[in-house]
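Encoded as structure tokens, the structure appears first; notes follow it.
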Amino acid sequence: AAMLTPSQAGFRRLLPLLRPHLRQLLMGAICMVIYVLSFPLLVQLAGQLFPALGSRDLNQVLQLIGQGVLIFAVQKVAQFGQDSLLAGPALQVSQRLRRDLFSTLQTVELGALEKLSAGDLTYRLTEDADRVSEVLYKTIHDTVPSVLQLLVVLGTMLWLDWKLTLAILLLAPLIVWLISIFGARVMVATERSQKKVSELAGLLGEAIEGLPLVRAFAAEPWLQDRFEQEIDQHRRARHRTYSLIALQHPVVGIIEVVGLFAVLALGAARIQTGDLDIAGLSSYLTGLIVLIDPIAHVTNNFNEFQQGQASLRRLRQIEREPQEPADPLDAVPLGTLRGDLALEGVSFGYDPSQPVLQKLDLQVQAGEVLALVGPSGAGKSTLFSLLLRFNTVQNGRILLDGCDLSRLRARELRRQVALVPQRTTVFSGTIAEAIRFGRQASDAEVIEAAHLANADAFIRSLPDGYATQLEERGTNVSGGQLQRIAIARAVLGNPALLLLDEATSALDAEAEAAVQLGLRQAMAGRTVLVIAHRLATVQEADQIVVLEKGSIVDRGSHDSLMQRGGRYRELCERQFIRDLQNG
């Protein structure tokens, strides 16, 4: 009964997910009914068998044994049917839960997403989701029949001898109460232990990525120490869960044994007074023995159910993360864009009381290159996130070809606005897949994009050409090659607006020249916004905007700004002095 109480984690909320599998569940339920109803038959059979053994009537004994074997065979076939039929829906629900949560994760606001640990999320969507699936399966194929078995066998025993059964039922609330007390503690302990595993997964993720750096600083002992502390805390949290479960078994077991002996004593007394015959007591004791198994199952499963609840609660936390704003209902369809961009009085702050951008006004004609310069934290990257509508402006509006970004569907907008990020991320797969990046494009279009990005020649020189497998994080190609793959990925699909977070500082001169050529070709005929780190880019821009603390402090061409002096010249002299010397 304690199992059926609704939980805050809401296993009940998973019930609608079972709806598509009603046919399978129904067939499983029929098998379950056959399985459960075979118990009272076995109990009655036992009642006839013991007196028959006493009377030495071999024929009758063999006949009863034959019936017993038949009932057992039917019961086991039904049990197989029930277990195999009900496994499918339970696994489907867990798959659906994972799918829905991953799709929720894809719409979590980026600011919130960056705060979440990758290792922790991975653990939740793998281990926690598996545990929920196991609990569902156990509940459907084991707990439900065990509870039914308890009810049916208790019913049979009430019918056989209601006075004795009432004596047993007085013990039942004590068992249920003990189980629920243990269960609540197990749940708390499990949640703590799962939190530790998540932290461990998070640390492992960081450690594996940072091993080269750890070695470079000779900090291995520090990392080893941190890891050992983490696994020790994990062991302790796990141990607490196991200890609670270990303690529960003997406690419940002792109550069961006391109950059994009490029934024997009462039964013996009833036989003395002639209220009960041997056949009745045999049936009754068999019923009692048949009861012990489902009680043990319900107890164990209740512990697992509490562990599953802890997992489900952790999974549900993903749903509570802030989501990206939904597309407008009256979205404007986006045709092919020319690429005129206008910002009118745009203000934005991640925390509205602390604006990152203040009343920005900007006009960029189609095909122009606008360079954004300014110290870090001036709001350059925030402007990019507004153009990709990762965030929405709080005041003012952004227009693309005269159309307000907030009136567009995010996906349609993002197909027209391409990003070349500062740190190139690629998924493992072939180079062609990395350039396609989930979009529909022919081989010819992929090759054309690679040509534009000045990547075609180096890709063809690789042993497998475009079919070359990129390793995780693209470690088997050089930095400059990776950046050119990122440029090809951006220009595939011919976007009207190109956002470059230019960072070629880590590249040598030859690689940099190759990337610059790719960028120049990719930029041709498009509106480009570039966060400029280098003088060459700035000099080639049609207009330059100097951002500081979220406001435009100066704008114009390179020459006019240099003549005017002030902040821009200062930035040039400080940041680009190396380029000036080299140039």
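Summary of values
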item	result
Matching residues in the range 499-523 - criterion: being closer than 22 Å to Leu362 by Cβ and not in a helix (DSSP H, G or I)	Leu499, Leu500, Asp501, Glu502
Residue list for the range 294-337, restricted to those being touching a Phe, Trp or Tyr at 6+ places or on another chain (Cβ under 8 Å) and either part of a loop (DSSP other than H, G, I, E, B) or farther than 30 Å from Val251 by Cβ (or both)	Glu324
Failed item in (1) surrounded by fewer than 19 Cβ atoms within 10 Å (Cβ to Cβ); (2) assigned to a helix (DSSP H, G or I); (3) more than 23 Å from the chain's Cα centre (by Cα); (4) among the hydrophobic types (A, V, I, L, M, F, W, C), with Val186 passing the rest	(1)
Count - residues of the range 59-74 that are open to solvent by 40 Å² or more (accessible area, probe 1.4 Å) and β-branched (Val, Ile, Thr)	3
Hits in the range 218-275 - residues which are loosely packed, with under 14 Cβ neighbours inside 10 Å, small (Gly, Ala, Ser) and not in a helix (DSSP H, G or I)	Ala218, Gly274
Lone qualifier among Thr336, Thr299 - being under 30 Å from Arg389 (Cα atoms), in contact (Cβ under 8 Å) with a residue 24 or more places away in the chain and of a type in the set (Ser, Thr, Tyr)	Thr336
Residue check, Ser198 under 35 Å from the mean Cα position of the chain (by Cα) and modelled with pLDDT of 85 or more	no
Selected residue [among the aliphatic types (A, V, I, L, M), surrounded by fewer than 22 Cβ atoms within 10 Å (Cβ to Cβ) and in a helix (DSSP H, G or I)] from Val93, Val77	Val77
Matching option when the condition is closer than 29 Å to Arg520 by Cβ and crowded, with 16+ Cβ neighbours inside 10 Å, among Gly402, Gly349, Gly335, Gly374	Gly374
Residue count for the range 510-531, restricted to those that are open to solvent by 10 Å² or more (accessible area, probe 1.4 Å) and over 21 Å from Gln481 (Cβ atoms)	3
Flag if Arg409 is modelled with pLDDT of 85 or more, over 20 Å from Val545 (Cα atoms) and surrounded by 19 or more Cβ atoms within 10 Å (Cβ to Cβ)	no
Any hit, the range 100-110, residues being small (Gly, Ala, Ser) and in contact (Cβ under 8 Å) with a residue 12 or more places away in the chain	no
Qualifying residues in the range 111-150 (those that are touching a residue at least 60 places away in the same chain (Cβ under 8 Å) and among the acidic types (Asp, Glu)) - the one surrounded by the most Cβ atoms within 10 Å (Cβ to Cβ)	Asp128
Residue that is nearest to Tyr242 (Cα to Cα), among those in the range 313-323 that are touching a Leu at 6+ places or on another chain (Cβ under 8 Å) and buried (at least 17 other Cβ atoms within 10 Å of the Cβ)	Leu315
Some residue of the range 531-554 being basic (Lys, Arg) and assigned to a helix (DSSP H, G or I)	no
Residue list for the range 469-489, restricted to those being at pLDDT 85 or above, of a type outside the set (S, T, N, Q), part of a helix (DSSP H, G or I) and in contact with a helix residue (DSSP H, G or I) (Cβ under 7 Å, 6 or more places away or on another chain)	Gly480, Leu482, Arg484, Ile485, Ile487, Ala488, Arg489
Residue list for the range 24-58, filter: farther than 20 Å from Thr143 by Cα, open to solvent by 40 Å² or more (accessible area, probe 1.4 Å) and in a helix (DSSP H, G or I)	Leu41, Gln44, Gln48, Leu49, Phe50, Pro51, Leu53, Gly54, Ser55, Leu58
Single condition Pro463 does not satisfy, out of (1) open to solvent by 80 Å² or more (accessible area, probe 1.4 Å); (2) within 27 Å of the chain's Cα centre (by Cα); (3) at pLDDT below 90	(2)
Selected residue [basic (Lys, Arg) and within 30 Å of Leu26 (Cβ to Cβ)] from Arg124, Arg131, Arg185	Arg131
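The values are calculated or read from the model by the stated rules, or taken from the named source; none is laboratory data. In this text the structure is predicted, and so the values were computed from the model without any measurement. Virtual Cβ from ideal backbone geometry, glycine too; neighbours counted across all protein chains shown. Note: accessible area is taken over every heavy atom of the protein model, side chains too, but ligands, DNA and RNA are not part of it. Shrake-Rupley method; radii C 1.70, N 1.55, O 1.52, S 1.80 Å.
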